Amino acid sequence: MELELRHLKLVNSIARLGSLSKASIEIGLSQPSLTQQLAKLERYLGASLFIRTPTGMIPTDSGRALIQSTNYLVPLVADLSDRFRVRAARSAGVISGFIRMASMPGPFVAPVVAAISEIEPEWGMHLSAGGNIENLTEGISRGQVDIAILSEVSGVGFAPPVKIDGTRKIMIGRSEYVALASDKKQLGEGAVVSFSDLGEERWIFSSCTPAAVRAGFLKLSVCAGSSPRVVGEMDLLMAQELVRENYGLSVIDSGFAAPSGTRKIPVEGSPFKIVHFIVWRDGLLGEQFIGKIHEFSSAGAVGSEILS
């Protein structure tokens, strides 16, 4: 046996999802086959890569060491594959250019995609979602990403964005984390609630919400004299469905539309403010792009600067 890229993808998927069943769906293998491959890989390496717990798969020290390599190598291979597919598409006259985008979860992806499509309608586009500021800015610095949509969240100790030589930055909008409740839910007396209004509410968090934001909402509720209870953490659609059925509350970026049957409620005194911005290599997109961002974004007037 030799260590192959598919093994790195397997380990990366299990670590990211924390579940063999979820990883098997993402990779396209049955769970027994995935379990066998993981056991075979661990025997080959002579080390256990994960600790199996009732709450999920937790990487061991050896697992974390291997995952650090996957975080570097897998994107490089994906980038190489993209480059050859783009070259073939250009040769066939299908596209005239190609842009690689990466974004943290946020409400301002659509205006950026629309702006690029207006300016360069013949360009192909690849968009990946997820990650954090550090990973996405590192992708730009390594040339793996052409443009990144990032978010800075206050009140949770997020690291500031890394400045990269020869890039351009434009702020696209602001939002905040607010409570998400069912239309059936009676909460507070007005359009805004306080942390003390949250009482003994049940909370359902989605995996898309930063862990620090989830913890922050609970901590501030307790400090206000409430006794919040966490009843689950799950994928976004399931969390929203339970909120819709009035099983509990969740949190949502105010820039997103409230799902049908739910409503957004601002929380008085919440520190979780978000600034969304775009970073791209200077010379890739010009003033026309900035103008389109002004048109498509609902954020109002925005400013830009050259980072050096």
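The apolar share of the surface of segment 157-289, taken as the fraction of accessible area on carbon and sulfur atoms (1.4 Å probe, ligands and nucleic acids excluded), comes to 53 percent. Taking the inverse of the mean 1/r over every pair of distinct Cα atoms in segment 156-294 gives a Kirkwood hydrodynamic radius of 16.6 Å.
Solvent-accessible area per residue in segment 203-288 equals 47 Å², computed with a 1.4 angstrom probe and all protein chains kept. Only protein atoms count toward the accessible area here, which uses a 1.4 Å probe; on segment 1-45, the carbon and sulfur part of that area reaches 51 percent.
The values are calculated or read from the model by the stated rules, or taken from the named source; none is laboratory data. Bear in mind the structure is a predicted one, so any value in this text is a computation, not a measurement. Remember, those area values only see protein heavy atoms, side chains included, never the ligands or the DNA or RNA. Shrake-Rupley method; radii C 1.70, N 1.55, O 1.52, S 1.80 Å.
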